[in-house]
Amino acid sequence: MVLHRHVSGDEATGRLRVRPQFALPAELAEIPRLRMPARGMGPEVAYQVVHDELLLDGNARLNLATFVSTWMDNRADALLLECANKNMIDKDEYPQTAELEHRCVNILADLWHASAAEDATGCSTTGSSEACMLGGMALKWRWRKRREAAGKPADRPNLVMGSNVQVCWEKFCRYWEVEPRLVPVGPSAGGATHLTAESALNHCDENTIGVVAIMGSTYDGAYEPVLEIANALDDECSGRDWDIPIHVDGASGAFVAPFVDPDLVWDFRIPRVASINASGHKFGLVYPGVGWVVWRDATALPEELVFKVDYLGGEMPTFALNFSRPGAQVAAQYYNFLRLGFDGYHRVMSACRETAKWLAHQIYRLGPFELVSDCEGIPAFAFRMKRGVAYSVFDVSDAIRARGWLVPAYPMPPGMEDVAVLRIVVRDDLSRDLAARLIDDLRRVIEHLESRSAGHPEKPRTGFHH
Ligand SMILES: Cc1ncc(COP(=O)(O)O)c(C=O)c1O
């Protein structure tokens, strides 16, 4: 989370005014902004103050930057509210919530082709970041155990991943003292915007605890070639005492590929894939606060990392960074599995991909843009300005914001940092109709930016008539 500074002195004396409609004559009309008020207030007033503060937050549905779910149906809303006070860790008090988590892990392990012959194990998390931390820890512990057993030094672990990884992997490396080997994308990766088998291999050695392969790169939505990377590692490791497992970061893609790319082999069908994470709150279609991680078998999840908590008089194995956590999102995840079923998820993901393809094509037809993604991965794509266009992706991002759309602009990762792109994530709540409005708005933005860069005077404004 953002780190907030403790403010003191004059700066700390700022006050919030309560609107006169809500503050009765004898009540507080002002409250300190950065200190706890000495006395409380009625719930209606407190509600109104908080509600009004939040008016300036953006409209989540128009935020095309986020992968996180911004819509659930009202039955899910009811369930979330019913479960708001349930603590996920308290398995004794809330055994049925634990049961729903158990069912979800089973559903996901099955979806990701865990073998009946192996003992896949998994858990829920607060999101993919925590899931990636747990996946990374298991890789490190497993590597260290093997090195120590062989009487070899185990003090210089490294993790190989594309420079396009999400920041949680850099965090993992820093917090758990693992050298991040960020493989540049772009020309040195044969032009790919992500990790390739060859580029990964060039960075592996005996101290590599694992390779992270992403299903749905955050930068442009592309799937990384998990099978090719695994095959290349098979060749590289044979004849050596190396054992380099793959962790698949399927934050978005592990909820997309099973439904729309069933023939793509990226999951536990590949023996080298040790673990997979996904965000329930992205294409799992749940509001923020839930992720998942599954390990293929007991070797992939070292026993030392597992803690036991009380459960109906017995003990239940757990692996988590947090202790207390809301149980509501797990119930909502299970609700989605029941409500949509395989067929429902298939329809949602197909619709998102179709809308993404349609939108990408329309954007290309606008003229000044060229596509960076082919929309064959998760329903998200990146596009850039064509050479010679006099304004930048940053200008477009700023201008489209005036209509409420949040379309982020940023440079591509190391190896391609000279390329700046805009990215759109198509979630299930971006209908084709809404997407068409976005195209209309982009067209207006382009006209405006083009006339401005051509030095044309601004069109006279019509004024405000009513
Ligand atoms: C590939 C990838 N991994 C990990 C994460 C972190 O996920 P979360 O926001 O669920 O913690 C993201 C978030 O966008 C992501 O795209």
Fewest to most neighbouring Cβ within 10 Å: what's the order for Ile400, Ile439, Ile244? Ile439, Ile400, Ile244
Where labels lie 7 Å past Cα in the beta-carbon direction, separation of Ser392 and Met36 in nm: 4.6
Share, in percent, of DSSP beta bridges within the chain that are antiparallel, nearest 5: 65
Once the convex hull of the C-alpha atoms of region 131-175 is built, how many Å³ does it hold per residue, rounded to a whole number? 70
Taking the Cα centre of region 77-336 as origin, work out the dipole magnitude from +1 charges on Lys and Arg Cβ and -1 charges on Asp and Glu Cβ, in debye rounded to 20. 440
In order over region 379-386: 3J(HN,Hα) from phi, Karplus 6.51/-1.76/1.60, θ = phi - 60°, whole Hz, x for each Gly or Pro, gives x, 8, 8, 10, 9, 10, 7, 5
Can you compute the charge dipole magnitude of the chain about its Cα centre, using +1 on each Lys and Arg Cβ and -1 on each Asp and Glu Cβ, nothing else charged? Give it in debye, rounded to the nearest 20. 1320
Can you find, among Gly191, Met215, Pro153, the residue sitting farthest towards the positive end of the charge dipole of region 151-273, where Lys and Arg contribute +1 and Asp and Glu -1 at Cβ? Pro153
Plugging the Cβ-Cβ distance of Ser115 and Asn322 into 1/(1 + (r/R0)^6) at R0 = 30 Å yields, to the nearest 0.05, a FRET efficiency of 0.50
Using the Cα centre of region 86-227 as the reference point, and only Cβ charges (+1 on K/R, -1 on D/E), how large is the resulting charge dipole? Debye, rounded to the nearest 20. 420
What distance in nm lies between label points placed 7 Å from Cα along the C-beta direction at Lys145 and Arg365? 5.7
Which residues qualify? For Val309, with a placed amide H closer than 5 Å and at least 5 residues away or on another chain, they are Met316, Thr318
Can you compute the modelled spin-label distance between Leu81 and His6, with each label point 7 Å from Cα toward Cβ, in nm? 3.8
Checked region 123-200 against the a/c 1.5 cut and the a/b vs b/c comparison, axes a ≥ b ≥ c from its Cα gyration tensor; verdict oblate
Give the separation of the Cα centroids, region 228-249 to region 112-178, in Å. 15
Can you tell me what share of the DSSP beta bridges in region 212-338 is antiparallel? A percent to the nearest 5 is fine. 60
Helical contribution to [θ] at 222 nm, DSSP H n ≥ 4, -39,500 (n - 2.57), averaged over the chain, rounded to 500: -11000 deg cm²/dmol
Under 30 Å between alpha carbons - lysine pairs in the chain that sit 8 or more apart or on different chains: 20
Using a 10 Å Cβ count of at most 16 others and DSSP loop calls, identify the longest part of the chain lacking such chymotrypsin sites (Phe, Trp or Tyr not before Pro). 324-463
Would you be so kind as to identify which of Pro411, Leu449, Ala435 lies farthest towards the positive end of the dipole of region 341-453, taking Lys and Arg as +1 and Asp and Glu as -1 on Cβ and the Cα centre as origin? Leu449
DSSP-defined antiparallel bridges as percent of all bridges, region 77-336, nearest 5: 55
Name the residue farthest towards the positive end of the dipole of the chain from the options Ala76, Gly136, Pro262, assuming +1 on Cβ of Lys and Arg, -1 on Cβ of Asp and Glu, about the Cα centre. Ala76
In sequence order, what are the phi-derived ³J(HN,Hα) couplings for region 404-415 according to the Karplus relation 6.51 cos²θ - 1.76 cosθ + 1.60 with θ = phi - 60°, rounded to whole Hz, with x for glycine and proline? x, 7, 10, 10, x, 10, 7, x, 5, x, x, x
Between rounded, prolate and oblate, where does the chain land on the alpha carbon gyration tensor, with a ≥ b ≥ c its root eigenvalues, rounded for a/c under 1.5, else prolate if a/b exceeds b/c? oblate
Please check which bits of region 306-329 a label hung off Asn106 would reach, taking the label as a point 7 Å along Cα-to-C-beta and the cut-off as backbone N under 17 Å. 317
By the Cα gyration tensor axes a ≥ b ≥ c (a/c under 1.5 gives rounded; else a/b larger than b/c gives prolate, otherwise oblate), the shape of region 282-427 is prolate
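The numbers here are math on the coordinates, done by the rules we state, and not lab data. Here the structure is a predicted model, which is why all the values come from computation and not from measurement. Neighbour counts are summed over all protein chains in view; Cβ atoms, including those assigned to glycine, are modelled from backbone coordinates with ideal geometry.
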